[in-house]
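For reference, the structure discussed in these notes is given below.
Values quoted throughout were computed directly from the atomic coordinates according to the rules given, and no laboratory measurement underlies them. Here the structure is a predicted model, which means the values were calculated and not measured. Please note: Cβ atoms are built from the backbone with ideal geometry, for glycine as well, and neighbour counts cover all protein chains shown.
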Amino acid sequence: MHKQVKISKGLDINLKGRPALKIAKIPRSNQYVVKPTEFYGINPRLSVKIGDHVDAGDPLFYHKYMDKIKFTSPVSGIVEDIVRGERRKILKIIIRADASDTFKSFKTDKPENLSKDQTLDLLLESGLFATIKQRPYDLIAHPDDQPKAIFISAYDSAPLGVDYTFALKNNMKAFENGLKALKKLTEGKVYLIINGETASNFDKLNEVEIIKAFGPHPVGNVSVSIEKFEPISKGDRIWTVNPADIAMIGSFFETGQYNPVRTIALAGSKVKEPMYYTVKAGADLTDFLKDKLVDDNVRIISGNVLTGANITQDKILNFYDNEITVIPLGKKSRFLGWMPFLAENRKSFYNFGFSKKLLDIDANMYGEERAFVMNEELESVMPLDIYPVHLLKAALVGDVEKMEQLGILEVAPEDFALLDYISSSKIDTQELIRKGLDIMQVEMG
Amino acid sequence: MKVLEKFFNKYEHLFLEGGKYEKYRPAYMAMYTFMFTPDETTKKGAHIRDAVDLKRVMFTVVLALIPATIFGMWNVGYQYFHQAGMAFSNMDAFVYGFWKVLPMIIVSYVVGLGIEFYFAVLRGHEVNEGYLVTGLLIPLIMPVTIPLWILAVSVAFAVVIGKEVFGGTGMNIVNPALTARAFAFFAYPTFMSGNEVWIPKPEHADAYSGETILGALGQGHHIAYTWKDMFFGTIPGSIGETSVLMILIGAALLLLTRVASWRIMVSGFLGAAIMAFIFNLWGANTLMQLPWWQHLLVGGLAFGVVFMATDPVTAAQTRKGKWIYGFLIGMFAILVRVFNPAYPEGVMLAILLMNVIAPTIDYYVVQANIKKRMKRLVKQTA
């Protein structure tokens, strides 16, 4: 009997533009970009300068305070530019790709034959360690920590979420290989969360504890399962990895090459033909997207509509993301827009069957920011045993003790994404939680 | 609409930073955003947002109040003509009441919104939408004969002392509309209670009796009204409170749109019913003898529980807390009503009291969550 997690609080937002179950290949881009800002909490120190030639897997930069954590080039090519922002903060490392890749070769072996330290060292050298995040704080893990358990969610319950059963169907061998490597890293269990409602090729794996998840989004978020099976206490570390990254880790140990190829979903109502594509992380998709969109009045998101990053300008697939979502921008004012019954994307009585109807929601704010007034709506999409408004208020004033008592160590910003969506006060709750976690991390060390 | 938007855009520069009327930007924005929801797109956090905002929430409550308002207007006329012993049509009654109530609504909005705008400009923050609801609630819980100046003073008191000193909508402790009523009740008691304030007094009435049911019962009198009168609302009372039917229609809208908490409504009526039932068993005076279910129909209980107790800002904020909060409001309302006939309006005092206690209820509910968490931390580290 598999483990189960069931929730009732939450919300499924069914958007138009679900990707069809077919895969094509995105042609190789001319340039690939690595954005150090994407690796939250990392202080980059460059290992290359403009004009250097790098192989795929060569380090580009490392973490100033933990130089073992390296970040490597997804392709072979020449470092064309390093874009800096305010106070010389490194924003982008742009690599002009060679016609075909030459790889740095790593001395890998079957995970079964490697020790924990060897596995860790290989992951750190190749840059794949960056795919492992930790709870609490939702940051890149610390390699010297002993994680209590590792959680993997193969159920993306977010709007237009990736179907990992489909996306990884050709990579199951690599995925299993990756799981074997991960198992070396913890003395605890490795959990895999899958959609309980549908058949899946994951539930036959015996390396891991399977958790079948039932209920609305955010049931696929690891926090929900962590709370139930391995609740986090002070000093505990739990690691989380995305299944697509595990497949990358698996194929790395097979081949000895760092080749971050992903199967991503191109989804959303503004995509002509939503479907899956294979592409390398960091790819500049400007050329590719040119004839794929309905029009130009769009918001392009790396990731899903709730937690993704706005890449309308640079159109670069972020390191962690397995999805590009394109929705209407919706930059227009609405006459008497506050009138009830006018706009459709409201979860309430004049929109019965909200979760079944296919919606086409744009990126408009639909109102202005106000003080917290309606609390019940926020609680209705928070399945964790947490009082969201109280926690958010503690985060707002930076009260460390209160935040800890109210459970901030158990959450990640993504768990609050639905609160962003539903809040009638238009408060950006994910950002408040991120700030709260940052304060906690500084205070607790 | 293009014309109107152009008009706004044309003068926007005056209110921008460096503009001539920069200080008055909150007032400009309040006007503009009332006409148009801005074209702003999401910058941080989730890329998509629900089409609800506070304006829509507040307007939904206003919509829910409309049935009770229209009926209240009609009832003012109905009671008047009835007392005067004149023949009248429904339209006559409504028109008469309309011209009595409309000035009250206008005074309430003008004074209240005036103060809101003043504070917004003074503090440089946006005008909050909370007053859209409060502005209609205040006239509805007043007797129709109240002099407009008392209404104006009460509104000013409620907005300044009840809300703005705490920082505006979302920060206030007690319900502003009830603050206005409590102020008027204690400052000008002769205009707020007694037998003659609920119905405009006809000039040549032989036997004028305009006392409310609770007032009559409090005096030990017997009442001539049936439960149907109480339910449909053809009885004297504050303008909006008399018709339970109209209040329930509003309640249905609030519950379907999930603007108000069903937990508070259910537990509020439950608390009142249980308390009244206990008093039925006791039966020491006429108020105690009123059947428990009729207690739910008379006075301001239904109106208070549906529209005032559910104010999300001043109610308990946690689900468990809401059950306790609503239940105690119902209990206290009946308790005050029965034990202190000088204050037949127990609901007002019960809600104000529970507004003050609500944060304490929440404190204990949240504390239970914290204790559970802390216990786990200790167990695991031990």
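Here are the numbers for the structure shown:
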{"read-out": "DSSP beta bridge pairing in the protein assembly as shown, given as percent antiparallel to the nearest 5", "value": "65 percent"}
{"read-out": "Most mobile of A:Glu376, A:Glu414, A:Glu431 in a GNM of chain A (Cα contacts under 10 Å)", "value": "A:Glu376"}
{"read-out": "Kyte-Doolittle mean at least -0.5 and Cα axial length at least 20 Å: DSSP H helices in chain A", "value": "A:429-444"}
{"read-out": "Packing-based exposure ordering (other Cβ within 10 Å, fewest first) of B:Glu116, A:Glu209, B:Glu17, A:Glu273", "value": "B:Glu17, A:Glu273, A:Glu209, B:Glu116"}
{"read-out": "Rounded to the nearest 20 debye, dipole of the stretch B:31-94 from Cβ charges on Lys, Arg, Asp, Glu", "value": "260 debye"}
{"read-out": "Sorted by Cβ neighbour density within 10 Å, fewest at the top, the residues A:Ser8, A:Ser73", "value": "A:Ser8, A:Ser73"}
{"read-out": "Contact order normalised by residue count of the stretch A:368-444, Cα under 8 Å, 6+ apart, percent", "value": "38 percent"}
{"read-out": "Dipole magnitude of chain B, debye to nearest 20 (Cβ charges: Lys/Arg +1, Asp/Glu -1, about Cα centre)", "value": "1880 debye"}
{"read-out": "For A:Glu38, B:Glu211, order by how many other beta-carbon atoms lie within 10 Å, fewest first", "value": "A:Glu38, B:Glu211"}
{"read-out": "Dipole magnitude of the protein assembly as shown, debye to nearest 20 (Cβ charges: Lys/Arg +1, Asp/Glu -1, about Cα centre)", "value": "860 debye"}
{"read-out": "Förster radius 45 Å - calculated FRET efficiency between B:Leu4 and A:Thr198 (Cβ-Cβ, nearest 0.05)", "value": "0.35"}
{"read-out": "Value of relative contact order over chain B, rounded to a whole percent, pairs C-alpha under 8 Å and six or more apart", "value": "15 percent"}
{"read-out": "Value of [θ]222 nm, deg cm²/dmol, for chain A, DSSP H segments ≥ 4, -39500 (n - 2.57) each, nearest 500", "value": "-6000 deg cm²/dmol"}
{"read-out": "For chain A, share of DSSP beta bridges that run antiparallel, in % to the nearest 5", "value": "60 percent"}
{"read-out": "Mean Cα-pair separation over length for the stretch B:223-293, i.e. relative contact order, pairs under 8 Å, 6 or more apart, %", "value": "16 percent"}
